[in-house]
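Read the figures in this text as sums done on the coordinates, not as results from a lab. Predicted model only: the values in this text are computed from it and were never measured. Ideal geometry is used to build each Cβ from the backbone, glycine not excepted, and the neighbour counts take in all protein chains shown.
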Amino acid sequence: MGNCCRRPAKCAHASSTHFSVQSDRTKPPSKANKDSTSSSQHTPFGTLNKILVSSKSDISASNSVKDFSFNDLKNASKNFRSESLLGEGGFGCVFKGWLDENTLAPTKPGTGMVVAIKKLKTESFQGHKEWLAEVNYLGQLHHENLVKLIGYCSESENRLLVYEFMSKGSLENHLFKKGVQPITWATRMSIAIDVAQGISFLHSLDANVIYRDLKASNILLDSVCQGN
């Protein structure tokens, strides 16, 4: 799932590509905001690097979320090789990785627990802000229809997130991608209910989390087609 925002000027994320911070949840994003977001993605590297290094103190992740080293995630994903690539979004790429279920240490491909590792593009200032919001808030939200955040990495200019792996990918692929077997209407209805339950959970929180990027590409399916 994608954009979630809360009042005042804080946000949380429920899984996929991006989300943004808004202080007024009654106003839709303006053209000016879009232009500002676009320009912020091209922040000079020197300035961005200072922001990345200084942001370590801004992390207030839940104790249940692991702080990984970059080397661990590099090993878990086979050095971020192309064959481990699951997809690419506006702010980075997502790779398949393997971790030990008990220690969360990197393991050999095909052993242990499969995870999805999102690696932020180092030049993306907007992506960094969203990464920070995910670390601070998603780790505190737990529901069967929200993708679980397992951990993060904040080392030098590297910013990564580690999620539970959704083996059937996005709902978008099952609805529109050629060569993929269509899902039944009964399964579609079940996924819609799953999504509604996840949205209801977010919207009922005291923190006023508002999910505003509901689309098929941001709905992920596990091995039994449960919607997240």
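What is the gain in length, in nm to one decimal, between residue 214 and residue 172 on full extension, counting 0.36 nm per residue of separation less the C-alpha to C-alpha distance? If you can, show how the numbers build up before the last one.
Numbers: separation 42, 0.36 × 42 = 15.12 nm, distance 1.16 nm.
Taking residue 214 through residue 172 to full extension adds about 14.0 nm, to one decimal.
Near residue 177, which aspartates and glutamates are there with a Cα under 19 Å away, not counting those fewer than 8 places off in the same chain?
List returned: 88, 222.
Counting other C-beta atoms within 10 Å, which of 83, 134 has the fewest, and how do the rest follow?
Ranked by crowding around the Cβ, least crowded first: 83, 134.
Which of the aspartates and glutamates could a cross-linker bridge to residue 66, judged by Cα under 20 Å and excluding same-chain residues fewer than eight apart?
Within the straight-line cut-off, residue 66 pairs with 58, 100, 101, 130, 134, 144, 155, 157, 164.
Between residue 207 and residue 67, take the C-beta separation as r, use R0 = 25 Å, and let me know the FRET efficiency to the nearest 0.05.
0.65
Between residue 100 and residue 183, what length comes free when the chain is fully extended (0.36 nm per residue of separation minus the Cα-Cα distance, one decimal in nm)?
Extra length from residue 100 to residue 183 when fully extended: 26.7 nm.
Along the range 151-158, what does the Karplus equation 6.51 cos²θ - 1.76 cosθ + 1.60 (θ = phi - 60°) give for ³J(HN,Hα), rounded to whole Hz, x for Gly and Pro?
My calculation for the range 151-158 gives x, 8, 9, 9, 9, 6, 8, 7 Hz in order.
At R0 = 25 Å, how high is the FRET efficiency between residue 157 and residue 88 if r is their beta carbon distance? Nearest 0.05 is fine.
With R0 = 25 Å, the Cβ-Cβ based efficiency is 0.85.
Scan around residue 95 for amide H atoms under 5 Å from its own, H built in the peptide plane at 1.01 Å from N, and keep only partners 5 or more places away or cross-chain.
86, 117, 118, 119
Kindly state, to the nearest 0.05, the FRET efficiency for residue 144 paired with residue 121, given R0 = 35 Å and r defined as their beta-carbon distance.
After rounding, the FRET efficiency stands at 0.65.
Can you give me the C-alpha center-to-center distance between the range 194-228 and the range 145-179, rounded to a whole angstrom?
Value for the Cα centre distance between the two parts: 14 Å.
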